[in-house]
Amino acid sequence: MPNLRTSVTLFLLLATQISFWTPGLSYENFLTLSGYLAINFMSITMLLATRPAWLESPLGGLDSTYQLHKWTGILAVVFALSHWLIEMADDALEAMFGSNRSLKEADFSGLLDSLQDGAEDLGEPGLYVLAFLVVITLLRWVPYGYWRHLHRVMPVIYLVLAAHALLLAPLTWWQQPTGWLMALLIAGGAVASLQSLTGQIGRSRRYKGLVQAVRQTSANITEVVCEMGKRWPGHQAGQFALVTFDRMEGAHPFSLSSADNDSGQLSFHIKALGDYTRKIPRKLRSGQAVTLEGPYGRFDPDSGRKNAQQIWVAGGIGITPFLAALEKRLINTDQIYPAVTLHYCTAEALGDPMLARLQQLVQQLPDISLHIYDSLQGQRLTATQLQIHDRRVDIWFCGPQGLAKALRSGLKQQSVSLRFHQESFKFR
């Protein structure tokens, strides 16, 4: 289910579109309303896929943008299927609600008539392909390497369905706000589709560099150091980049585990969570080319509310953004930072390569209180162990979803002003 921010945004998007609509009860009203909402949400989905930088702040980061992208895509398919079902039940709906001739499709002749017939014929198969692509995206049955190639068909399907909407829309719409809004969104969606098909998405934020070092620090964690030179624009602790080591594999999001020190040298700690990340220690070599796109994200542990208790919670590889935040404090010694309680959950403290670095950083920062939980020893972090003592609390979380759910559930009983900050890297 979408989170609160995404739910509110979806409601506002739907309410805005409905506000442009002229209400009525007829078969044509139902048919055109469902088609109108379907193509509008498809257009919004395409626009969000371009990763617009200006939307990161209002939406809360690229991860939230992709969550919204996912749900606008789902709504687009829901309304498109509704449109198809309404058309299949035309006789029954006309008998029940009557007909509105002013909403009939435009009557063209010549070339436009041929184009209209073609757009109408392509609408149904286009819907089938769209639904198929959305389903395999949600179910995650197809490995990422294959899925991303299949997903490239989406802009083509969108352009086909956009032509269907434009050529079959009632002529009266083009003199009304309903048609103006739809045309504006389709224009934006068409531009976004062309950007996708020509590989322009994110191009202005891509930077080429070299892999400087590859160190396998444990059986399932690899540290990769990249030299980006002066081209890198800098980053904030807690941000991530879309990293491409292999063009055939494409870009993957990895958190930056080092603070920005103006040297252009960046590090990532990558956990073997799938086929691609398991191959990194064997395939990646020093001197190899790398492309970073970003930085992205709004997960900044030092941007909490003033006079609020600051609690950081990390689970496993989720410690990486906090390592960068601790490094940042050591680099920027002239700034004043609030005291923080940091809770770190690890599978095995003795064999954890991240723990030694974490403890080394914390020893140099007296305003950081560190608590370690070793699951091998049966230690589990609970909401009561967070030691909440203020009326205003900011919790910054990066770790397994199961731990996040358990903490959120336990925190519901706390009568405090609580903000729980968490990023999601599920980009499909």
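The values are calculated or read from the model by the stated rules, or taken from the named source; none is laboratory data. The structure presented is a predicted model; accordingly, all values stated were derived computationally and were not measured. Every residue, glycine as well, gets a Cβ built from its backbone with ideal geometry; the counts of neighbours run over all protein chains shown. Only protein heavy atoms, including side chains, enter the accessible area calculation; ligands, DNA and RNA are left aside. Shrake-Rupley method; radii C 1.70, N 1.55, O 1.52, S 1.80 Å.
Of all residues in the range 386-419, those satisfying the criterion of being crowded, with 16+ Cβ neighbours inside 10 Å and under 29 Å from residue 270 (Cα atoms) are 386, 394, 395, 396, 397, 398, 399, 403, 404, 407. Within the range 130-152, being over 22 Å from residue 82 (Cβ atoms) and either of a type outside the set (Val, Ile, Thr) or loosely packed, with under 14 Cβ neighbours inside 10 Å (or both) holds for 140, 141, 143, 144, 145, 146, 147, 148, 149, 150, 151, 152. Within the range 273-286, residues that are farther than 18 Å from residue 247 by Cβ sit with their Cβ atoms under 9 Å from residues that are of a type in the set (S, T, N, Q) and open to solvent by 30 Å² or more (accessible area, probe 1.4 Å), at 6+ positions apart or across chains, in these pairs: 273/220; 278/220; 281/216; 286/212.
A Cβ distance below 8 Å, combined with a sequence gap of six or more or placement on separate chains, defines the contacts here; from the range 32-53, residues that are without any contact (Cβ under 8 Å) to a residue 60 or more places away in the chain and open to solvent by less than 10 Å² (accessible area, probe 1.4 Å) reach no residue that is of a type in the set (A, V, I, L, M, F, W, C) and outside any helix (DSSP H, G or I). Could you list, in sequence order, the residues of the range 181-199 that are open to solvent by 30 Å² or more (accessible area, probe 1.4 Å) and farther than 13 Å from residue 40 by Cα? Within the range 181-199, 191, 194, 195, 196, 197, 198, 199 meet the criteria. Only a single item in (1) farther than 25 Å from residue 205 by Cβ; (2) in a loop (DSSP other than H, G, I, E, B) is not met by residue 281, and it is number (2). Every condition in (1) surrounded by 12 or more Cβ atoms within 10 Å (Cβ to Cβ); (2) among the small types (Gly, Ala, Ser); (3) more than 31 Å from the chain's Cα centre (by Cα) is met by residue 303 except one, and the failing one is (3). Scanning the range 229-256 for residues that are farther than 26 Å from residue 357 by Cα and open to solvent by less than 10 Å² (accessible area, probe 1.4 Å) turns up just one, 250.
Within this structure, residue 9 fails the test of being in contact with a helix residue (DSSP H, G or I) (Cβ under 7 Å, 6 or more places away or on another chain), among the hydroxyl-bearing types (Ser, Thr, Tyr), open to solvent by less than 50 Å² (accessible area, probe 1.4 Å) and not in a helix (DSSP H, G or I).
Among residues of the range 329-362 being open to solvent by less than 30 Å² (accessible area, probe 1.4 Å) and part of a helix (DSSP H, G or I), the one that is farthest from residue 216 (Cα to Cα) is 329. The listed residues are 314, 308, 259, 272, and the only one of them that is modelled with pLDDT of 90 or more, open to solvent by 10 Å² or more (accessible area, probe 1.4 Å) and on the phi < 0 side of the Ramachandran plot turns out to be 308. Right, residue 178: modelled with pLDDT of 90 or more and open to solvent by 60 Å² or more (accessible area, probe 1.4 Å) or not? No: the conditions fail for residue 178. Restricting attention to the range 305-343, the residues that are under 21 Å from residue 364 (Cβ atoms), out of contact with any Gly (no Cβ under 8 Å at 6 or more places or on another chain) and not hydrophobic (A, V, I, L, M, F, W, C) total 11. Here is the figure for the range 98-129: residues that are at pLDDT 80 or above, surrounded by 14 or more Cβ atoms within 10 Å (Cβ to Cβ) and not aliphatic (A, V, I, L, M) total 3.
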